[in-house]
DNA sequence: CCAGCTAGTGTAAAAGTTACACTAATATGT
DNA sequence: ACATATTAGTGTAACTTTTACACTAGCTGG
């Protein structure tokens with residue numbers, strides 16, 4: 001039998017691109033690193049995968065340890081394995097993207113890998129010099145979110161359980177980086193029958209209060225089984241789009 | 001500084017799900033393994049990534065060595081890293097899918113890893129007991145192809161340079177596993193202006209010969225820059241679909 | 001020259017998409 | 001208590017896209 005030992009000298013990590021939505025801004029969670037390499041740089045919450053740990057499990061563990069997050073939407077994006085991307089040796093990393101309700105987030109990096117944890121607006125990230133190839137990972141994950149949000153109702157993972165249609169529209173506008181027509185957006189979203197009108201109103205706002213809705217996950221799964229597709233298109237006009 | 005040595009004990013491989021289209025059948029290329037583990041099993045062409053090799057480079061090398069394929073469409077899908085998926089140790093694999101023109105393929109596995117190389121119809125794969133977690137990888141890659149083919153003109157990678165509209169339709173039907181309406185399919189495809197009418201005819205067929213077309217890659221890239229999207233939808237009717 | 005086969009074509013009805021502007025309801029400040 | 005500011009909520013007509021559907025054209029081979 002051949003000897004494969006020389007191949008068993010690499011390591012792998014998971015990195016999470018964690019999206020959150022705060023009022024009108026799409027954000028991602030970064031940590032300020034507290035160890036080499038890239039000590040003091042901002043980067044994605046990520047760490048080595050343990051020898052006895054599945055990839056998804058590792059991603060969830062890191063999410064918990066470095067960001068105090070639990071039970072969130074998580075999806076693998078792809079792996080990044082450029083030779084030389086890590087100074088300690090050959091390290092390939094598996095990128096995940098994750099969607100969280102920002103209000104549920106309590107910054108609790110209960111270990112010493114991160115000295116600080118903070119939300120950054122996706123739109124303001126260009127200027128930041130991130131650790132490793134994390135900037136590329138963020139770009140790809142954002143692109144994937146943009147694609148996914150058109151055909152899957154994952155946007156709801158970013159909103160509180162109860163939300164208004166305007167909040168939902170703002171969320172789509174942030175992700176798609178475009179403006180949507182209010183009437184068309186509402187028509188389309190409501191026609192999908194995936195929202196439950198809670199018969200409750202917003203409170204404490206200095207204007208006409210909006211109705212509150214929640215996402216009907218059960219109905220969505222029913223639709224999925226019947227081969228339904230949650231779909232969103234762009235408008236033909238350059239300056240406006242519509243969630244169709 | 002911490003010691004990370006214990007993490008540097010794993011290996012990774014690349015595996016290729018290679019799709020080809022032969023007349024009316026979507027196929028994938030498998031090898032009959034000639035070494036442990038899973039000696040004598042059919043499996044995906046894949047191998048260990050070398051320490052100094054990028055992932056994409058490794059995928060292309062393997063494609064070349066195990067299947068004699070060069071210069072083909074290649075795209076990373078995702079990584080599979082279940083603990084225990086490889087008996088030699090911790091090995092995660094990066095799955096790629098690849099689209100090739102089946103006629104260009106000459107089975108030339110110029111090393112001893114594979115004792116045989118063969119095309120299998122995707123539809124008949126269910127019964128085959130593949131090595132490792134390769135069955136799952138095939139399923140996911142096929143699902144991805146199915147999704148991709150609706151929004152990107154990658155189908156052309158599977159056809160010869162010159163093809164007829166009927167061939168193109170059959171290709172779509174194989175991938176989408178559905179029937180398409182001839183008139184609507186043609187209307188839609190031609191309205192995209194991505195095909196060049198070659199003013200040539202099929203020869204040597206025992207029926208009215210069809211016109212030959214080729215894909216206009218240049219125009220496609222122009223469209224991409226202008227934010228165009230190659231889009232395909234399913235029909236509302238259960239038994240038929242249309243490439244829209 | 002007939003049989004068999006695939007290529008190629010148009011239209012009307014239905015569905016979906018788009019653009020667009022005003023009234024309703026609340027909180028706050030005076 | 002009234003005016004102001006602010007966001008919520010709503011309908012329609014023009015246009016575009018999608019869908020269903022059936023016959024003639026042109027070649028080969030016997």
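No value in this document is a laboratory result; all are computed from the given coordinates. The structure displayed is predicted, hence computed values, not measured ones. Using ideal geometry, Cβ is built from the backbone for each residue, glycine included, and neighbour counts are taken over all protein chains shown.
In nanometres and ascending order, the distances from the residue B:70 label point to those of the other copies are 5.8 (point 7 Å from Cα along Cα→Cβ).
Using a 10 Å cut-off around each Cβ, can you sort A:140, B:222 from fewest to most neighbouring Cβ atoms? Walk me through the numbers on the way to the answer.
Values: A:140 16, B:222 12.
If I rank by nearby Cβ atoms, fewest first, I get B:222, A:140.
Pull out a ≥ b ≥ c, the square roots of the eigenvalues of the alpha-carbon gyration tensor of the protein assembly as shown, then state rounded if a/c is under 1.5, prolate if not and a/b is larger than b/c, and oblate in the remaining case.
Taking the square roots of the gyration eigenvalues as a ≥ b ≥ c, the protein assembly as shown is oblate.
By definition, a body whose alpha carbon gyration tensor gives a ≥ b ≥ c is oblate when a/c is 1.5 or more and a/b is not larger than b/c, and segment A:9-66 fits this oblate description.
How long are the semi-axes of the ellipsoid equivalent to segment B:158-208, from square roots of 5 times the Cα gyration tensor eigenvalues, in whole Å, largest first? Before the final figure, lay out each step's value.
Working: eigenvalues 69, 43, 26 Å².
Semi-axes, largest first: 19, 15, 11 Å.
Counting neighbouring Cβ atoms within 10 Å and putting the fewest first, the residues A:127, A:151, A:13, A:93 line up as A:127, A:151, A:13, A:93.
Taking the fewest neighbouring Cβ atoms within 10 Å as the starting point, the ordered list for B:134, A:86, B:23 is B:23, A:86, B:134. Short to long, the 10 Å bins of the Cα pair-distance histogram for segment A:115-189 hold 15, 45, 29, 11, 1 percent of all pairs. Taking all Cα pairs closer than 8 Å and separated by 6 or more residues, the relative contact order of chain B comes to 20 percent. Considering the rotation that superimposes chain B on chain A, the residue of B whose beta-carbon lies nearest the axis, and that distance in Å, is B:79, 2. Any idea what angle helix A:134-151 forms with the longest principal axis of chain A, computed on alpha-carbon atoms, 0 to 90 degrees, nearest 10? Long axis of A:134-151 versus the principal axis of chain A: about 30 degrees.
One quarter of the convex hull surface built on the alpha carbon atoms of segment A:141-229 amounts to 6.5 nm², the projected area averaged over directions. Against the main long axis of the alpha-carbon atoms of chain A, helix A:182-191 sits at an angle near 80°. Taking every alpha-carbon pair within chain B, the share separated by more than 31 Å comes to 31 percent. Each other copy places its own label point for residue A:139 at 3.5 nm from this one, sorted shortest first, where the point lies 7 Å along the Cα-to-beta carbon line. The modelled label-to-label distance between residue A:127 and residue B:57, using points 7 Å beyond Cα along the C-beta direction, is 3.7 nm. Here the contact order of segment A:48-99, divided by its residue count and restricted to Cα pairs under 8 Å and six or more residues apart, works out to 32 percent. Residue by residue along A:5-17, Cβ atoms of other protein chains within 10 Å of the local Cβ number 5 on average. Judged by the ratio a/c of the largest to the smallest principal axis of the C-alpha gyration tensor, segment A:68-198 counts as prolate, that ratio being 1.5 or greater while a/b is larger than b/c.
When only alpha carbons are used to place a centre, segment B:57-126 and segment A:24-65 end up 31 Å from one another. Temperature 25 °C, viscosity 0.890 mPa s: under these conditions the Stokes-Einstein estimate for segment A:1-143, based on its Kirkwood radius over C-alpha pairs, is 158 µm² per second.
Computed from the C-beta positions of residue A:24 and residue A:221 and an R0 of 45 Å, the FRET efficiency is 0.90 to the nearest 0.05.
Among DSSP bridges having both ends in the protein assembly as shown, what percentage is antiparallel? Round to the nearest 5.
In the protein assembly as shown, DSSP labels about 75 percent of beta bridges as antiparallel.
Here the relative contact order of segment A:18-138, from alpha carbon pairs under 8 Å that lie six or more residues apart, stands at 37 percent.
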